[in-house]
1. Could you check how many residues of region 183-220 are within 43 Å of the chain's Cα centre (by Cα) and over 16 Å from Glu173 (Cβ atoms)?
2. Can you say whether Gln30 is modelled with pLDDT of 80 or more and assigned to a helix (DSSP H, G or I), as far as the supplied structure shows?
3. Are any residues in region 33-62 touching a helix residue (DSSP H, G or I) at 6+ places or on another chain (Cβ under 6 Å) and at pLDDT 80 or above, and if so, which ones?
4. Return the pairs, sorted by first residue and then second, in which the second residue is surrounded by 10 or more Cβ atoms within 10 Å (Cβ to Cβ) and of a type in the set (A, V, I, L, M), the first residue lies in region 76-100 and is in a helix (DSSP H, G or I), the beta carbons are less than 8 Å apart, and the residues are 6+ apart or on different chains.
5. State all residues of region 94-115 that are of a type in the set (S, T, N, Q) and at pLDDT 75 or above; if no residue qualifies, say none.
6. Scan region 71-87 and tell me whether some residue there is within 48 Å of the chain's Cα centre (by Cα), modelled with pLDDT of 75 or more and hydroxyl-bearing (Ser, Thr, Tyr).
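The values are calculated or read from the model by the stated rules, or taken from the named source; none is laboratory data. Note that this is a predicted model, so its numbers are computed, not measured. Note that we place each Cβ from the backbone using ideal geometry, even for glycine, and neighbour counts take in every protein chain shown.
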Amino acid sequence: MDEIVEGKKVFVENEYDEINTSEQNRMKKQEEYIIDTKQKFEDLESRLMKFHTGRSTEFYPANYEKILEDEEDFTQKSEQDTKQSEDKRLDFQANANQLETEIRQFGEENAESFKNNQLEIEELEVDLKEKTEELVEESEKRRKKNEEEEFYIGEKKERQDQSAADYPQGVTEEIIENQNNSTTIRRIVVEGTRTDIYEKTLYKWGGIFYTKNGTNITQDIWDRESR
């Protein structure tokens, strides 16, 4: 975000510098033209005065006044052009300053929004990590309790499961789309007369949970036993 804002600022500054330089060059040429024209008028005036020295004054006054009027008109026109150029430069400067202010405000607002979103994501990650640790801890407690009470955990006793006849020997995989926006990968592992059902449930918010015959297990057990 800072790079975008800085890029726009540099673009505005460069454009302003180009226009300002062009305007300064134009004004310089105009000033040079005015000086040159004034010099020409002065030379013309000097020549006219020399030409009419000792001659009839019927022609000279009218033409001389015309020259002075033309010179005054030219000077006024040049001053007007100079003022208009300066007004344009000031208007562009004001617009450039306004645009720079808007770009800076935009960058500050988006930076604050990004910061808030990042904090929310970090809080969610912390909550998810804590929830996962709680589930793993609960799963381990149940596993130990089952061991103490001599409940079946998959390896200690031979079983005669009626569901073994419903599936072929080996691993059968099913994918189930649940109504709570989660997806479950179910693997039915049949070995002889034993059937173990492993499930891996994935939630859209990022959580992943593993079970074996309805009891929570770790990813390592899922990877090792359900293939």
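1. Residues of region 183-220 within 43 Å of the chain's Cα centre (by Cα): 183-186, 199-211, 216-220.
Filter once more, so that each one left must be over 16 Å from Glu173 (Cβ atoms): 203-209, 216-220.
Residues meeting the conditions: 12.
2. Working: modelled with pLDDT of 80 or more: no; assigned to a helix (DSSP H, G or I): yes.
Criteria not met by Gln30.
3. If the condition is that a residue be touching a helix residue (DSSP H, G or I) at 6+ places or on another chain (Cβ under 6 Å) and at pLDDT 80 or above, then Ile34 is the only one that fits.
4. Cβ pairs passing all conditions: Ser78/Ile34; Thr82/Met27; Ser85/Met27; Arg89/Ile19; Phe92/Ile19; Ala96/Val12; Leu99/Val12; Glu100/Val12.
5. Keep residues of region 94-115 that are of a type in the set (S, T, N, Q), which gives 95, 97-98, 101, 105, 110, 113.
If the condition is that a residue be of a type in the set (S, T, N, Q) and at pLDDT 75 or above, then Asn95, Asn97, Gln98, Thr101, Gln105 are the ones that fit.
6. The answer is yes; a qualifying residue exists.
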